[in-house]
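The block underneath contains the structure these notes are about, expressed in structure tokens.
The values are calculated or read from the model by the stated rules, or taken from the named source; none is laboratory data. Owing to the predicted nature of the structure, the values given are computational and were not obtained by experimental measurement. A quick note on method: Cβ atoms are made from the backbone with ideal geometry, for glycine too, and the neighbour counts reach across all protein chains shown. Remember, those area values only see protein heavy atoms, side chains included, never the ligands or the DNA or RNA. Shrake-Rupley method; radii C 1.70, N 1.55, O 1.52, S 1.80 Å.
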Amino acid sequence: MTVRTRIAPSPTGSPHLGTAYIALFNLCFARSSGGQCILRIEDTDRVRSSKVFEERILDALKWLGLSWDEGPDLGGEFGPYRQSERHEIYQHHGKQLLDSGHAFRCFCTPERLNSLRKEQMASNSPLGYDGRCAHLSSAEIEEKLSQQTPCVVRMHMDREGSCIFQDQLRGNIEIEWRQMDMQVLLKSDGMPTYHLACVVDDHMMGISHVIRGEEWINSTPKHLKLYQYFGWKPPVFCHLPLLRNPDQSKLSKRRNPTSIDYYRKSGLLPEALLNYLALIGGAMPNQGEIFTLHELIDAFDIEKVSLGAPIFDVDKLDWLAGQWLRQLSKEELLDRFLDWLPDRHQLIHLVGMVQPRVERFGQVLPKITYLLGDAEKPEAELLQQQGLDMDTLKRLLHYTLLQLSSLEDWSREAVQQALSSLASLMGLKTRLFLKPLFIAISGHKVALPLFDSIAFIGREEALVRLQKTLKSIGGLSRKERERIDKEWHLLNRLRELAEDAESLKEQLCSCDETGERPPADILDSIDANLKALLELSNKARVIAEKKTAGTRGELLQKLCSVETLWTPEQWAMVKESCLPSKRVSEEGTYALAKKWEQLDLQHQALVEESRMLSQNSSFSDSNSG
């Protein structure tokens with residue numbers, strides 16, 4: 001049997017260390033077995049996938065020294081190698097499953113599925129689709145299709161017994177069929193889910209060994225069932241342990257840098273990073289700590305790969321990188337260093353930042369050092385002198401990490417808007433909010449403009465510096481992180497509802513000015529907005545009543561002060577719009593108006609309660625815990 005493995009990244013974000021780790025093992029196994037390794041882009045997520053991310057991933061893998069025999073950049077016998085270009089193939093196989101009775105059309109709405117999930121959670125029942133559409137008659141299906149009712153295609157799944165399969169590293173694995181959901185195979189837009197696409201592609205591209213992360217173990221029974229439905233021989237499965245942080249938690253960009261681009265920009269030699277990934281994965285047992293990719297391939301034996309969690313420790317990586325660096329000759333070191341320096345385009349941007357602030361060339365380097373290399377470690381004492389209590393300081397840094405990690409546009413203007421918005425959301429003056437960020441990014445109280453600096457060093461470096469700063473003041477415990485994350489979610493949800501409310505108010509006021517009756521969809525949207533605000537306020541009250549931090553009263557006030565979104569006059573307009581005299585012909589209008597009146601009273605009670613709670617000493621800083 002010819003060994004064929006595959007590297008299958010999704011272009012939905014920065015090139016991840018996990019992608020390189022899995023790619024390395026696929027390449028080594030294929031090369032050591034005299035086989036081929038292909039690269040396939042899994043870009044079925046049309047919302048998050050990006051050509052820019054695809055190019056960055058391919059570039060990062062090549063920088064590491066990894067290669068492949070077929071792919072979107074090389075072509076090959078089994079192309080195309082982008083899943084987005086294989087739409088007709090998936091449609092054909094989806095229809096094949098429908099025709100054979102192994103799949104069915106599901107017309108359930110997202111609202112119905114959400115309601116089902118809530119019911120299952122409330123009753124502690126197993127989560128998953130209940131099969132409501134699995135037994136629709138042909139006539140019922142044709143009627144819904146003729147009405148162009150949106151639908152997905154789901155696979156039938158066994159309910160009794162277990163799936164037992166062989167894993168090359170782990171031996172026999174047994175998973176009960178009842179744990180498997182009736183998986184969606186084709187989405188309502190016709191695009192496949194991962195489960196259908198990967199099985200079809202692996203078969204059609206002749207993949208003999210599927211070497212992937214252990215997070216896919218629980219999905220393997222679904223994939224084996226699809227192989228059975230199609231009448232195909234499944235490949236050999238091999239599930240590698242996931243990379244972990246030193247505390248055994250899953251590798252996450254909130255805890256450590258996970259982007260290959262970060263290590264590349266930091267000046268790490270690619271040979272050292274590849275060496276380290278192989279070392280912690282146990283790919284070279286008893287073969288020393290420093291070795292090349294060629295040496296790794298020659299000695300590679302996947303049967304000897306360790307199942308212990310590979311710990312990604314940045315300090316150990318730095319030690320290994322130092323060993324590689326010191327092996328270079330002076331000429332090689334100089335060449336590699338010059339290659340690492342910013343290019344002319346980047347330097348032009350940099351000197352533009354510093355030009356208004358210097359009189360001599362000798363003043364340039366001291367001002368830009370923190371932008372080219374590692375920033376000085378922030379002093380905890382300096383951070384504590386910026387006018388913020390420790391709880392607020394930690395929350396500020398963590399919120400900034402969350403805000404910037406989700407920012408898509410990394411321009412100076414986008415960074416400024418994001419941080420200004422965050423300062424407003426936290427109720428802090430911009431100057432006070434930015435002080436600790438200057439220190440986190442530059443290591444000093446005074447530096448080049450903050451927003452320009454953050455935009456220049458890039459997302460990964462900015463996040464790393466914020467993480468180091470947070471650690472320098474004690475960091476966050478798991479419970480603290482969970483608490484602050486919940487607050488963050490509530491605050492952002494409030495912001496979304498506030499934006500929705502503003503849009504709805506504009507539409508309502510426009511109708512009032514023209515004397516037109518507000519359309520039912522606007523009133524329904526207002527109703528949904530108010531109910532969501534009420535639900536959010538209740539969640540905020542629950543958090544506040546736990547009395548676990550000093551600013552709960554302030555948070556509660558922000559979340560419960562609904563009158564900041566809907567003034568009494570606007571509320572009156574909303575209720576007036578619902579009176580039967582204005583909408584006599586529409587049933588249920590009076591009930592809707594009554595419901596709003598009830599919401600109004602509940603909101604007023606919550607606002608009053610929040611004011612009383614915030615004045616209570618239990619929410620003062622002295623009682624935080």
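Things to note:
- Long-range neighbours under 6 Å by Cβ, at least six apart or interchain, first residue in contact (Cβ under 8 Å) with a residue 40 or more places away in the chain within the stretch 423-439, second open to solvent by 50 Å² or more (accessible area, probe 1.4 Å): Leu432/Gly387
- Enumeration of residues in the stretch 254-285 that are in a loop (DSSP other than H, G, I, E, B), open to solvent by 30 Å² or more (accessible area, probe 1.4 Å) and under 16 Å from Asp315 (Cα atoms): Arg255, Ser266, Gly267
- Residue in the stretch 310-326 that is surrounded by fewer than 16 Cβ atoms within 10 Å (Cβ to Cβ), over 30 Å from Lys471 (Cβ atoms) and not β-branched (Val, Ile, Thr) present: no
- All positions within the stretch 158-217 that are in contact with a helix residue (DSSP H, G or I) (Cβ under 8 Å, 6 or more places away or on another chain) and either free of Cβ contacts under 8 Å to residues at least 24 places away in the same chain or small (Gly, Ala, Ser) (or both): Arg159, Glu160, Gly161, Ser162, Gly190, Ala197, Gly213
- Ser249 being in contact (Cβ under 8 Å) with a residue 24 or more places away in the chain and out of contact with any Leu (no Cβ under 7 Å at 6 or more places or on another chain): no
- Residue in the stretch 454-468 that is assigned to a helix (DSSP H, G or I), open to solvent by less than 30 Å² (accessible area, probe 1.4 Å) and over 24 Å from Gly13 (Cα atoms) present: no
- Gly231 being free of Cβ contacts under 8 Å to residues at least 12 places away in the same chain and either buried (at least 20 other Cβ atoms within 10 Å of the Cβ) or farther than 16 Å from Lys304 by Cα (or both): yes
- Candidate set: the stretch 152-195, residues that are open to solvent by 50 Å² or more (accessible area, probe 1.4 Å) and part of a strand (DSSP E or B); chosen: the one nearest to His239 (Cα to Cα): Gln166
Okay, residues lined up against (1) in a strand (DSSP E or B); (2) more than 20 Å from Ala103 (Cβ to Cβ); (3) among the aliphatic types (A, V, I, L, M):
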{"site": "Pro221", "(1), (2), (3)": "no, no, no"}
{"site": "Leu224", "(1), (2), (3)": "no, no, yes"}
{"site": "Tyr227", "(1), (2), (3)": "no, no, no"}
{"site": "Pro234", "(1), (2), (3)": "no, no, no"}
{"site": "Phe237", "(1), (2), (3)": "yes, yes, no"}
{"site": "Asp247", "(1), (2), (3)": "no, yes, no"}
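- When restricted to residues that are in contact (Cβ under 8 Å) with a residue 40 or more places away in the chain and of a type in the set (A, V, I, L, M, F, W, C), the stretch 100-126 contains 4.
- Only one of the numbered conditions (1) modelled with pLDDT of 95 or more; (2) among the acidic types (Asp, Glu); (3) open to solvent by 70 Å² or more (accessible area, probe 1.4 Å) is not met by Glu119, and that is (1).
- Residue, most open to solvent (accessible area, probe 1.4 Å), within the stretch 478-502, restricted to residues that are under 13 Å from His398 (Cα atoms) and either at pLDDT 85 or above or charged (D, E, K, R) (or both): Arg478
- None of Lys429, Lys435, Lys445 is charged (D, E, K, R), under 21 Å from Gly387 (Cβ atoms) and buried (at least 17 other Cβ atoms within 10 Å of the Cβ) except Lys435.
- Pairs, first without any contact (Cβ under 8 Å) to a residue 40 or more places away in the chain and under 20 Å from Glu42 (Cβ atoms) in the stretch 85-99, second of a type in the set (Gly, Ala, Ser) and surrounded by 13 or more Cβ atoms within 10 Å (Cβ to Cβ), C-beta under 9 Å, six or more apart: Glu85/Gly79
- Any helices (runs of 4 or more DSSP H) falling wholly within the stretch 14-110 and containing at least 1 residues that are more than 23 Å from Met204 (Cβ to Cβ) and open to solvent by 30 Å² or more (accessible area, probe 1.4 Å): 17-32, 51-63
- Filtered residues of the stretch 29-86 (kept if among the aromatic types (Phe, Trp, Tyr), out of contact with any strand residue (DSSP E or B) (no Cβ under 9 Å at 6 or more places or on another chain) and modelled with pLDDT of 95 or more): Trp63
- Between Glu160, Glu174, Glu143, the distinction of being touching a Ser or Thr at 6+ places or on another chain (Cβ under 7 Å) and of a type in the set (D, E, K, R) belongs to Glu174 only.
- Listed by first and then second residue, the pairs with beta-carbon distance under 7 Å, at least 6 apart or on different chains, first residue in the stretch 21-45 and over 16 Å from Val210 (Cβ atoms), second of a type in the set (Lys, Arg), are Ile41/Arg82; Asp43/Arg82.
- Residue match in the stretch 396-406 (condition: outside any helix (DSSP H, G or I) and open to solvent by 30 Å² or more (accessible area, probe 1.4 Å)): yes
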